[in-house]
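Worksheet: one structure, shown below.
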Amino acid sequence: MDLVVQGLVKAFRLLLSGDPEVLEITLLTLRVSGLATLISLCLGVPLGLYLAVARFRGRELVVGAVNTGMGLPPTVVGLWVSILLWRSGPLGMLGLMYTPTAIVIAQAVIAVPVVTGLTMAAVQQLSPKLRLQVLALGASPLQFWWIIIREVRFGILAAVMAGLGSVISEVGASMAVGGNVRGYTRVLTTAIVLEVSKGNFDIALALGFVLMVLTYSITYILTIVQQRRRRW
Amino acid sequence: MKKCLVIALCALVAFALFGCAPKAQPQSKSPTGQESSSKEPVPPVSAPAGNKDVILATTTSTQDSGLLDVLIPLFEQKTGYRVKTVAVGTGQALAMGERGEADVLLVHAPEAEKKVVESGAAINRRLVMHNDFIIVGPKEDPAKIKGSRSTVEAFQKIAQARALFVSRGDDSGTNKKELELWKAAQIEPKGSWYQESGTGMGQTLNIASEKGGYTLTDRATYLALKKNLSLVILLEGDKSLLNVYHVMQVNPEKFPRVNAAGGKAFVDFMVDPETQKVIESFGKDKFGEPLFFPDAGKPDIY
C-alpha cells in the first residue's frame with residue numbers, strides 16, 4: 001500500500017514542479033487523443049445519423065459491423081495501421097510511421113465506431129413521430145437534420161466522452177504505430193508501460209494519476225454541459 | 001445539401017490531419033534542441049542534409065536499463081539527427097531490419113544477426129559492448145542450483161526438480177540465448193514448471209519474483225530493477241552466459257527508403273572512443289558496478 005502513497009506523493013511532486021517532460025507527454029496525449037476524437041466526431045456523427053435513418057439492403061450487416069467495432073481491439077488496429085504505414089506498405093511514401101500523426105490515425109479508427117454506434121442509438125431512441133412531424137411542417141433536409149442533431153445533442157456528447165475515453169486510455173495502438181519515441185510520440189499510456197518495465201512503479205503510478213485526473217476533468221466539463229438541463 | 005455537408009466534413013478532417021503535421025515539424029527542424037536538459041547553449045552542429053530521422057530498432061534491455069536515455073541525447077547533440085528509438089525484442093528488431101523498417105539495429109543475438117547480414121539486409125555490423133546473462137531465482141533456491149559448475153548443470157537441476165522457470169517466450173535475444181542453453185542441456189523445456197511470459201525482461205523479472213521462479217536475465221536489467229525484486233543471483237560467470245551487443249546498419253541498397261547516412265552516423269557513434277567511455281561509466285554511480293563493458297575495436301569472435 002505504501003507504493004500507492006509513494007505514487008501519489010510523486011504525482012503531486014511531478015505536477016507541482018511542472019516537470020517539463022511530464023508536461024510535454026501530457027500535452028501530446030491531449031493533442032493526439034483530442035484530434036482523434038474530433039476526427040471520429042466528424043466521421044462518426046454523420047455516419048451514425050445516416051445509419052439511424054436510412055433504409056437500404058444489408059443495413060443490419062453494417063450496423064452489426066459498427067457495433068462490433070465499438071469493441072475494436074487497439075492492438076489489432078495498431079497492427080493494421082502499421083502495415084499500411086510501414087515503409088514497405090501502401091502508404092509508406094508518406095513517412096508517417098512513428099509520428100504523432102500515425103497515432104491520431106490509429107486512434108481515430110478506434111473511436112469512429114464508438115461515436116457512430118452511440119449517435120445511431122441516440123437517434124433511434126427519438127420518437128418516430130418526430131420525423132413525420134418535422135417533415136409535415138415542411139422542413140428542408142438541412143432543417144430536418146439540424147433538428148435531429150439538436151434533439152440528440154446529449155447523446156452525441158455521451159458519444160464524445162466514450163470516444164475520448166476509449167482513445168486516451170488505449171496503449172496497444174499508440175505503442176505499435178507511435179513506437180513510444182521519447183519527446184516525440186511518447187504519450188501517457190505508453191510512458192506508463194515503459195516505467196513499469198523499468199521498475200519505476202512510483203513514476204508509473206504518478207503518470208496514471210495524471211491520466212485519470214486529465215480524463216476526469218474533461219469528462220466533468222462535458223458532463224456539466226450534458227446535465228445542465230436534466231429532465232429526470 | 002447532404003453532399004455539401006459531406007464535403008465540408010471531409011475538408012474539416014483534412015484540415016485536422018494537416019493541422020497535426022506542421023505541429024510536429026518544429027521538433028524535427030531542431031533535433032538538437034535539448035533546451036530543457038542542457039543549460040549551456042549548444043554550438044551549431046553540422047546539420048545533416050536530407051532525412052533527419054533515424055529509426056533505431058533495439059532490444060528492451062538497452063532502454064529498460066536507462067543506457068539509451070544517456071546515449072541518444074548525446075548522439076542527437078553531436079550529429080543533429082533525431083533518433084526514433086523503437087525498443088522491442090531482438091527478434092522483432094531483426095525482423096524490422098529484414099523488412100527495411102528501421103535504419104540501424106542495436107541487438108544481442110550474434111547467431112541470428114549473422115543470418116541477417118548474410119541475407120544482405122544488414123551491413124557494417126560492429127561489436128559494441130557486452131555484459132553477461134545471469135540466472136536469478138528465489139533465495140531459497142528450491143532446485144539447489146547455487147554452486148553449479150555450469151549453466152547446463154543448473155538448467156538440468158531446474159528441470160529435474162520441476163522448479164518453476166519463467167521464460168521470456170518472445171523470441172528476444174535473451175529468449176534465444178535461453179533456448180540455446182536448454183538445447184545444450186539436452187532438455188526440451190515443457191510442462192507446468194516452464195512458463196512463457198511473452199513480455200519484456202522487466203515484466204518477466206517481476207513475474208519470476210512474484211511466483212518465486214527462476215529466470216535468465218541480462219545483468220543490466222536485473223541491476224536496474226533489483227530494488228523491486230525478491231530474486232538473487234544464483235549463477236554467473238559461466239562462459240556460455242556472455243551477452244554481446246552489436247550495432248549494424250540496415251542495407252540502404254536493398255531498401256531505398258532507409259536513411260543511409262543517419263544509420264552510418266549511429267554506427268560510427270556507438271564505436272567512437274568517447275561513446276565507449278560513456279558506456280563504461282554508465283551505471284557505476286547508481287549500482288556500484290558497470291552495467292555494460294565497451295568492446296569496440298576488439299577482435300569480434302562472436
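Computed from the coordinates by the stated procedures, all read-outs in this text should not be read as laboratory data. Everything numeric in this text was worked out from a predicted model, so none of it was measured. Positions of Cβ are backbone-derived with ideal geometry, glycine not excepted, and every protein chain shown enters the neighbour counts.
Within a straight-line Cα-Cα reach of under 28 Å, B:Lys298 can be paired with the following lysines, leaving aside sequence neighbours fewer than 8 residues apart in one chain: B:Lys78, B:Lys114, B:Lys115, B:Lys176, B:Lys177, B:Lys239, B:Lys264, B:Lys277, B:Lys284, B:Lys286. The mean sequence distance of close C-alpha pairs (under 8 Å, at least 6 residues apart), as a share of the length of region A:140-219, puts its relative contact order at 20 percent. Rounded to the nearest 20 debye, the dipole magnitude of region B:132-241 is 240 debye, with +1 charges on Lys and Arg beta carbons, -1 on Asp and Glu beta carbons, and the Cα centre as origin.
Only alpha carbons enter this Debye calculation for region A:24-131, each as an equal point scatterer, and the log10 of I(q)/I(0) it gives at q = 0.12, 0.14, 0.23, 0.24 Å⁻¹ is -0.50, -0.64, -1.19, -1.23. For chain A, a Gaussian network of Cα nodes joined below 10 Å ranks A:Gly172, A:Gly78, A:Gly95 by mean-square fluctuation, and the top entry is A:Gly95.
Based on C-alpha pairs under 8 angstrom that are at least 6 apart in sequence, region A:1-139 has a relative contact order of 36 percent. As a rough footprinting exposure proxy, the listed residues A:Trp232, A:Trp80 were ranked by other beta carbons within 10 Å of their own, and the order from fewest upward is A:Trp232, A:Trp80.
I want the antiparallel fraction of DSSP beta bridges within the protein assembly as shown, as a percent rounded to 5. Rounded to the nearest five, the antiparallel share is 60 percent. Counting Lys and Arg as +1 and Asp and Glu as -1, what is the net charge of the other residues whose Cβ lies under 14 Å from the Cβ of A:Asn180? Spelling it out: positives minus negatives among the neighbours equals -2.
Think of it as helices only: each DSSP H run of n ≥ 4 in chain A is worth -39500 (n - 2.57), and spread over all residues that comes to -24500 deg cm²/dmol at 222 nm. The magnitude of the dipole of the protein assembly as shown, with charges of +1 and -1 set on the Cβ of Lys/Arg and Asp/Glu and taken from the Cα centre, is near 2220 debye.
Across region A:214-222, computed HN-Hα scalar couplings (Karplus, 6.51 cos²θ - 1.76 cosθ + 1.60, θ = phi - 60°) run 4, 4, 4, 4, 5, 4, 4, 4, 4 Hz from first to last residue, x flagging Gly and Pro. Of the options A:Gly92, A:Gln143, A:Val196, report the single residue whose Cα projects farthest towards the positive end of the charge dipole of region A:2-227 (beta-carbon charges: Lys, Arg +1; Asp, Glu -1). With unit charges placed on the Cβ atoms, the residue in question is A:Gln143. In order along region A:169-174, the phi-based Karplus estimate (6.51 cos²θ - 1.76 cosθ + 1.60, θ = phi - 60°) of 3J(HN,Hα) comes to 9, 7, 10, x, 6, 4 Hz; Gly and Pro are listed as x. Of the two radii for region B:132-241, the radius of gyration is 0.90 times the Kirkwood radius, both from the alpha carbons; that is the Rg over Rh value.
Considering only C-alpha atoms, what is the centroid distance from region B:213-260 to region A:54-74, in Å? Here the two parts' Cα centres lie 45 Å apart.
In chain A, the longest principal axis of the Cα atoms and the axis of helix A:100-124 are about 30 degrees apart.
A Cβ-based charge dipole, computed about the Cα centre of region A:2-227 with Lys and Arg at +1 and Asp and Glu at -1, lands at about 720 debye.
Among A:Ser88, A:Ser169, sorting on how many other beta-carbon atoms sit within 10 Å of each Cβ, with the fewest leading, yields A:Ser88, A:Ser169.
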